[in-house]
Amino acid sequence: MSDFKSAFEKLFFIMCELREKCPWDQKQTMESLRHLTIEECYELSDAIIKKQHDSVKEELGDILLHVLFYSIIANEKKHFSITDVINSQSEKLIHRHPHIYGDVKASTEADVKRNWELLKLQEKKKESILSGVPNSLPSMLKSYRIQEKVKNVGFNFSKKSDAFEKIIEEIKECVDEISSGNLEKASDEFGDVLFALIGYGQMLGINSVNALEKTNKKFITRFNKMETIIKQENKKLKDYSIAELNLLWSRVK
């Protein structure tokens, strides 16, 4: 614990010194840091997906730096300090785990998640469970979180087969709208298909956001290999027919 305390204090004092003396750090505001923080979170996500543990450690450090930076800026304006941030988080964790720190019983993960959502609703005096989903989330992640939150309070298909049938139903509706030539309604139905797929994946224990990102990376890797072969043959993509490109794709799979 003493090692952690000294390491944390060292980083905090470094950040305070940079804020005081470094021209770049002096100019920063919460608004100017915001997009950089988002970028750091995506870099952490990439490192986790790639299972690059050294990179995960580095990106976690970058995010910790941002937490300290925001807190230092807030303290300058007398809003809150890093101590306030840490204490409020400790209090929140204790309050939201009454099955550990109180007399509430929660024997399953589902019980814990349900209690968590209901306590959040009470704390923030919000009218909807879904009000905790940030508007600025990327669409797929937002769909995942929406369905996760309502599932936590019991609003979910009772069987996986029912969730799968919902996908089939939405696909049929989408195909019908495509056939009718109504692209606006087809777009709506296409969104319903994606939403249903995300929910079904969730029931299977599959995180659709992570799954799609892995597929993106897999596609990029294979396409890059195909491009390498084409360069080795001193040709360009436009020199190949679709059939020939499909053969190349099969070679690199």
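The values are calculated or read from the model by the stated rules, or taken from the named source; none is laboratory data. This is a predicted model, so every value here is computed, not measured. Using ideal geometry, Cβ is built from the backbone for each residue, glycine included, and neighbour counts are taken over all protein chains shown.
With the requirement that a residue be of a type in the set (A, V, I, L, M) and closer than 22 Å to Val209 by Cα, what does segment 40-66 give you?
Here is the first cut: in segment 40-66, the residues of a type in the set (A, V, I, L, M) are 44, 47-49, 56, 60, 63-65.
Hits for segment 40-66 are Leu44, Ala47, Ile48, Ile49, Val56, Leu60, Ile63.
Every residue, every condition in (1) over 30 Å from Ala106 (Cα atoms); (2) not hydrophobic (A, V, I, L, M, F, W, C), yes or no:
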{"site": "Val150", "(1), (2)": "no, no"}
{"site": "Asn156", "(1), (2)": "no, yes"}
{"site": "Lys166", "(1), (2)": "yes, yes"}
{"site": "Glu169", "(1), (2)": "yes, yes"}
{"site": "Cys174", "(1), (2)": "yes, no"}
{"site": "Asn210", "(1), (2)": "no, yes"}
{"site": "Ile220", "(1), (2)": "yes, no"}
{"site": "Lys236", "(1), (2)": "yes, yes"}
{"site": "Ala243", "(1), (2)": "yes, no"}
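Are any residues in segment 197-211 among the small types (Gly, Ala, Ser) and either buried (at least 17 other Cβ atoms within 10 Å of the Cβ) or within 14 Å of Ile146 (Cβ to Cβ) (or both), and if so, which ones?
Of everything in segment 197-211, those that are among the small types (Gly, Ala, Ser) and either buried (at least 17 other Cβ atoms within 10 Å of the Cβ) or within 14 Å of Ile146 (Cβ to Cβ) (or both) turn out to be Gly199, Gly201, Ser208.
How many of the residues in segment 62-101 are part of a helix (DSSP H, G or I), within 16 Å of Phe8 (Cα to Cα) and of a type outside the set (Val, Ile, Thr)?
So in segment 62-101, the residues part of a helix (DSSP H, G or I) come out as 62-76, 82-95, 98-101.
Right, trim to within 16 Å of Phe8 (Cα to Cα) and you get 62-72, 82-87.
Of the ones still in play, those that are also of a type outside the set (Val, Ile, Thr) are 62, 64-66, 68-71, 84, 87.
The number of residues fulfilling the criteria is 10.
Name the residue, out of Ala47, Ala110, that is surrounded by 15 or more Cβ atoms within 10 Å (Cβ to Cβ) and either farther than 19 Å from Leu11 by Cβ or assigned by TED's automatic domain parsing to the domain that holds Trp24 (or both). Walk me through it before giving the result.
On the way: Ala110 fails: surrounded by 15 or more Cβ atoms within 10 Å (Cβ to Cβ).
Going through Ala47, Ala110 in turn, just one is surrounded by 15 or more Cβ atoms within 10 Å (Cβ to Cβ) and either farther than 19 Å from Leu11 by Cβ or assigned by TED's automatic domain parsing to the domain that holds Trp24 (or both): Ala47.
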